[in-house]
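For reference, the structure discussed in these notes is given below.
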Ligand code: UDP
């Protein structure tokens, strides 16, 4: 297994619940390291650009409104098999289908407001990390 990086967002609903620490501790306990972090209140343009792949979907406008409804914590997580590991810890998109003990099972209320985002493949991870962090926003661990 390779060391990978993945983009994680603690979405506005989970930030509003004051669950940032609880969620990050799940990543850390699973061996993922935070190598980038920015607290951001996304602009409409940023939210639309980030979710551009979904722009034809019926839920797109509601998704954008949700993502700009309050601050979010945008992070880069690093570790062995980080992309799949993060998706496992997050749980299914719809919290009603998320396995017990996953972030979405514990913190999400609906498929619309589902607590976290995580990149789903190496190509999307690369695009999403560049979208928020450019070339210089990530701090490699040196010890
Ligand atoms: N979403 C929604 N309604 C749907 C499907 C998705 O509001 O029927 C939102 C939800 O916030 C989800 C995001 O759109 O996390 C992106 O959807 P995707 O299918 O990529 O799910 P994810 O990768 O986040 O699990």
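Where a number appears in this text, it was derived from the coordinates with a stated rule and is not lab data. Owing to the predicted nature of the structure, the values given are computational and were not obtained by experimental measurement. With ideal geometry, Cβ positions are generated from the backbone for all residues, glycine too; neighbour counts draw on all protein chains shown.
Worth pointing out:
- Taking the number of Cβ atoms within 10 Å of each Cβ as an exposure proxy, the fewest-first ranking of 109, 53, 64 is 53, 109, 64.
- The length gained by stretching the chain between residue 1 and residue 96 to full extension, at 0.36 nm per residue less their Cα-Cα distance, is 31.1 nm.
- Spacing of the modelled spin labels on residue 121 and residue 55, each 7 Å from Cα toward Cβ, amounts to 1.9 nm.
- Kirkwood radius, the chain, all distinct C-alpha pairs, inverse of mean reciprocal distance: 15.2 Å.
- Anisotropy class assigned to segment 62-101 is oblate, per the alpha carbon gyration tensor with a/c at or over the 1.5 cut-off and a/b no larger than b/c.
- Across segment 2-143, the mean sequence separation of Cα contacts (distance under 8 Å, 6 or more residues apart), normalised by length, yields a relative contact order of 37 percent.
- Footprinting exposure proxy for 39, 1, 67 (fewest neighbouring C-beta atoms within 10 Å first): 1, 39, 67
- With 0.36 nm allotted per residue and the present C-alpha distance subtracted, the residue 84-residue 143 stretch has 18.8 nm of extension available.
- Mean residue ellipticity at 222 nm, helices only, the chain: -10500 deg cm²/dmol; runs of at least 4 DSSP H residues each add -39,500 (n - 2.57), and the sum is divided by the number of residues.
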